[in-house]
Amino acid sequence: MQIKQIAYIRSDFVEKFGIPRQSNLADTRAEIHFLPEYQNADALREIEAYDYLWLIWEFSESIRDTWSPTVRPPRLGGNRRVGVFATRSPFRPNPIGLSSVKLTGVEFREKEGPVLIVEGADLLDMTPIYDIKPYIPYADCHPDALSGFAPDPGAQLRVECPDELMRVVPADKRAALTGVLANDPRPRYQNDPDRAYAMDFAGLNVEFTVSGEVLTVKNISDRREDK
């Protein structure tokens, strides 16, 4: 069986570090662009009747020739092994991801055809998308279900960022950046208050440290100006 790529996403994440661990943890805005064969408005007829969509996509940066029946989730400190099918690890027999995103609009552009505007995506920029399906609450939502070793997203950090640095960030990206940082981009097993981290977000290089429950932004620079 061949699976066809139908679209790709344009997001503010150009590297894996910093991407939210699950969808809808931060109000990150993204766009879904269809490949020419699928730039057909009829294929999206009445899609705006739904608030959320399921995206089926490829872990394009995690493709391997082999697979392991067990993986070590960062949530468990990176030391304990559990079954790959009991996790959402990208290292799977088939590198397929599943995310729910909020649909905020559909734009029709002359050269690109219909473009979906979504929020809450946890996908790397240019990630291939294989399918899109509507999210249906009565069938897809199970609020009392067990969540294994990840029962909640964890406590959020308090983000401290000087005003002069936050002004470097476009106004429409500030809330999303703060949300990404508050969810702690670091691997779960790293807890060194003296270590400096850097992540790319929306064309910006964001440098920060974490001590206890406080994340302190040290610098924000425009990556385009650094070149």
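The values are calculated or read from the model by the stated rules, or taken from the named source; none is laboratory data. Everything numeric here is computed off the predicted structure, so don't read it as measured data. Note: ideal-geometry Cβ built from the backbone for every residue, glycine included; neighbour counts use all protein chains shown. Keep in mind that these areas ignore ligands, DNA and RNA; they rest on the heavy atoms of the full protein, side chains included. Shrake-Rupley method; radii C 1.70, N 1.55, O 1.52, S 1.80 Å.
Is it fair to say L177 is part of a helix (DSSP H, G or I), surrounded by 15 or more Cβ atoms within 10 Å (Cβ to Cβ) and out of contact with any Gly (no Cβ under 9 Å at 6 or more places or on another chain)? Against the criterion (part of a helix (DSSP H, G or I), surrounded by 15 or more Cβ atoms within 10 Å (Cβ to Cβ) and out of contact with any Gly (no Cβ under 9 Å at 6 or more places or on another chain)), L177 qualifies. Within the option set G97, G105, being in a strand (DSSP E or B), surrounded by fewer than 12 Cβ atoms within 10 Å (Cβ to Cβ) and either among the small types (G, A, S) or at negative phi (or both) holds for one residue only, G105. Condition test on I136, is it surrounded by 14 or more Cβ atoms within 10 Å (Cβ to Cβ) and modelled with pLDDT of 90 or more? No. Within region 180-227, can you find the residues that are of a type in the set (D, E, K, R), part of a loop (DSSP other than H, G, I, E, B) and open to solvent by 30 Å² or more (accessible area, probe 1.4 Å)? Matches in region 180-227: R188, D192, D194, R195, E213, K227.
Of the residues making up region 57-74, those that are within 13 Å of L123 (Cα to Cα), in contact with a Phe, Trp or Tyr (Cβ under 7 Å, 6 or more places away or on another chain) and not aromatic (F, W, Y) are E58, S62.
So that you can scan it fast, the table gives a plain yes or no per residue for (1) open to solvent by 50 Å² or more (accessible area, probe 1.4 Å); (2) of a type in the set (D, E); (3) in contact (Cβ under 8 Å) with a residue 40 or more places away in the chain; (4) part of a loop (DSSP other than H, G, I, E, B):
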site	(1), (2), (3), (4)
M126	yes, no, yes, yes
I132	no, no, yes, no
A145	yes, no, no, yes
P151	yes, no, no, yes
Q156	yes, no, no, yes
V159	no, no, yes, no
E164	yes, yes, no, no
